[in-house]
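Enquirer: Pasting a structure below so you can have a look.
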Amino acid sequence: MIFDSLVSAVGNTPLVRLRSLEPKGVEIHAKLEWFNPGGSVKDRAGLQIVREALESGKLRGRTLIDSTSGNTGIAYAWIGAALGVPVALVMPENVSEARKRIARAFGAQIIFSDPLETSDGAIRLARKMVRDEPDRWFYADQYSNEANPRAHELGTAREIWEQTEGRVTHAVLGIGTGGTVMGTGRGLRARNPRVQIIALEPAEPMHGLEGLKHMPSSIVPAIYQEAELDRKLSIETDAGWDMAERLIRDEGLLAGHSAGAAAEGALQVARELDKGVVVTLFPDRADRYIASP
Ligand SMILES: Cc1ncc(COP(=O)(O)O)c(C=O)c1O
């Protein structure tokens, strides 16, 4: 098969069984989102947001701007390069050096926000820039843009359903903006209302699980509707990091920290079951964090 553009290679990521984690009678599978061209799950939301904005004409004469702690920025940056859309990214100054360089290499403009204000500071700065010059920017706003969960409702959920041949019983998914868990949850429930949707968040406000959001201490994204979840689990930073190491050693999966947290959450759910098919999702790969402290 020949792709007309790299954007056609977004999605359809492999679902891999994690046998070394499985309690008796329960299957655990992980969707490896680093197989997306930009190296993370955020390619899905980025592409859906850009596509819908192009179709509606909202990008005409404007630069796409958004706040992002990294992966979404890389997604916008490469997709912008591939589709000829100018991109500006607002990010906390302390995001990993590798991410800044990759985004710049694709030609994206980078604007830094105060690292002490974490991702909420980047959101506030992006909002202010759009308020000040509304004609200059198209505010992609991954935290409020329904195209973000829609990417997962149309893509991730359908893929999980097809890959498990409709056997999935539990989906265990981390919360960043909430796009993955909301959209995947909706898409799976539309096919089987009994599928349990379980969200994962860091146990503490200050944590080392980059990409995950601690909801009680954050600006709650408009796309995040907690009432749609069956459950929310808290994951300790150490447990996520230890699990990432275990996945690397025992499964040959170069899992990032939030992927470790995802597997830890999936394992906690699986341990409570006698029978079931638990599906989780690994947002990105560890090499994105190798330069991090
Ligand atoms: C690194 C990383 N990127 C993205 C996501 C998913 O984020 P969202 O909720 O925005 O779909 C997560 C959540 O686990 C993550 O850890």
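What follows is calculated from the coordinates using simple rules that are stated; it is not laboratory data. All of these numbers come straight from a predicted model, not from anything done at the bench. Positions of Cβ are generated from backbone atoms using ideal geometry, with glycine treated the same way; all protein chains shown enter the neighbour counts.
Enquirer: Among 267-275, 43-51, 232-240, how do they line up from the highest to the lowest mean number of other beta-carbon atoms within 10 Å?
Expert: 43-51, 232-240, 267-275
Enquirer: Multiplying the sequence separation of Asp274 and Trp241 by 0.36 nm and subtracting their Cα-Cα distance, what value in nm do you get?
Expert: Contour length minus the Cα-Cα distance gives 9.2 nm.
Enquirer: What is the calculated FRET efficiency for Ile2 to Met206, with r their C-beta to C-beta distance and R₀ = 51 Å, to the nearest 0.05?
Expert: 0.60
Enquirer: Can you find, among Gly121, Leu247, Leu188, the residue sitting farthest towards the positive end of the charge dipole of the chain, where Lys and Arg contribute +1 and Asp and Glu -1 at Cβ?
Expert: Going by the Cα projections, it comes out as Leu188.
Enquirer: Take peptides 199-210, 156-167 and line them up by average Cβ neighbours within 10 Å, highest first, as a rough protection proxy.
Expert: Top to bottom by mean Cβ count within 10 Å: 199-210, 156-167.
Enquirer: Oh, and also: Going by average Cβ neighbours within 10 Å, how do the peptides 146-152, 243-249, 20-26 rank, with the highest at the top?
Expert: 146-152, 243-249, 20-26
Enquirer: Kindly write out, for region 92-98 in residue order, the coupling ³J(HN,Hα) from the Karplus curve 6.51 cos²θ - 1.76 cosθ + 1.60 (θ = phi - 60°), rounded to whole Hz, with x marking Gly and Pro.
Expert: x, 4, 8, 5, 4, 4, 4
Enquirer: How big is the gap, in Å, between the Cα center of region 52-82 and the Cα center of region 101-149?
Expert: 10
Enquirer: So what's the chain giving for Cα Rg divided by 2.2 N^0.38 Å, two decimals?
Expert: Against the empirical 2.2 N^0.38 Å value, I get 0.95 for the chain.
Enquirer: With each pseudo-label sitting 7 Å past Cα toward Cβ, what's the Ile219-Arg19 distance in nm, one decimal?
Expert: Simple spin-label model gives 4.7 nm for this pair.
Enquirer: Taking 0.36 nm per intervening residue step and subtracting the Cα-Cα distance, what contour gain separates Glu55 from Ala9 on full extension?
Expert: Roughly 14.6 nm would be gained on extension.
Enquirer: Per residue of the chain, what 222 nm ellipticity follows from adding -39500 (n - 2.57) for every DSSP H run with n ≥ 4, rounded to the nearest 500?
Expert: Computed mean residue ellipticity for the chain: -11500 deg cm²/dmol.
Enquirer: With only Lys, Arg, Asp and Glu charged, each at its Cβ (+1 for the first two, -1 for the last two), find how big the charge dipole of the chain is about the Cα centre; round to the nearest 20 debye.
Expert: About 600 debye.
Enquirer: Report the far tail of the P(r) of region 227-293, meaning the percent of Cα-Cα pairs longer than 16 Å.
Expert: Percent of Cα pairs beyond 16 Å in region 227-293: 49.
Enquirer: Given C-alpha coordinates of region 87-137, what is the ratio Rg to Rh with the Kirkwood estimate of Rh?
Expert: 0.99
Enquirer: Any idea what angle helix 118-132 forms with the longest principal axis of the chain, computed on alpha-carbon atoms, 0 to 90 degrees, nearest 10?
Expert: Taking Cα atoms only, the helix is inclined about 30 degrees.
Enquirer: About the Cα centre of region 78-150, what is the dipole size in debye to 20, counting +1 per Lys and Arg Cβ and -1 per Asp and Glu Cβ, all else neutral?
Expert: The calculation lands at about 200 debye.
Enquirer: By how many degrees, 0 to 90 and rounded to 10, does the Cα axis of helix 257-271 deviate from the longest principal axis of the chain?
Expert: For 257-271 against the chain, the angle is about 30 degrees.
Enquirer: Return the sequence-ordered ³J(HN,Hα) values of region 54-67 in whole Hz as given by the Karplus equation 6.51 cos²θ - 1.76 cosθ + 1.60 applied to θ = phi - 60°, using x for Gly and Pro.
Expert: 5, 5, 7, x, 5, 8, 4, x, 10, 9, 5, 10, 7, 8
Enquirer: Something else about it: Full extension from Ala105 to Arg191: what is 0.36 nm times the residue separation minus their Cα-Cα distance, to one decimal in nm?
Expert: 26.9 nm
Enquirer: Dipole magnitude of region 197-287 about its Cα centre, charges +1 at Lys/Arg Cβ and -1 at Asp/Glu Cβ only, in debye to the nearest 20?
Expert: Roughly 160 debye, rounded to the nearest 20.
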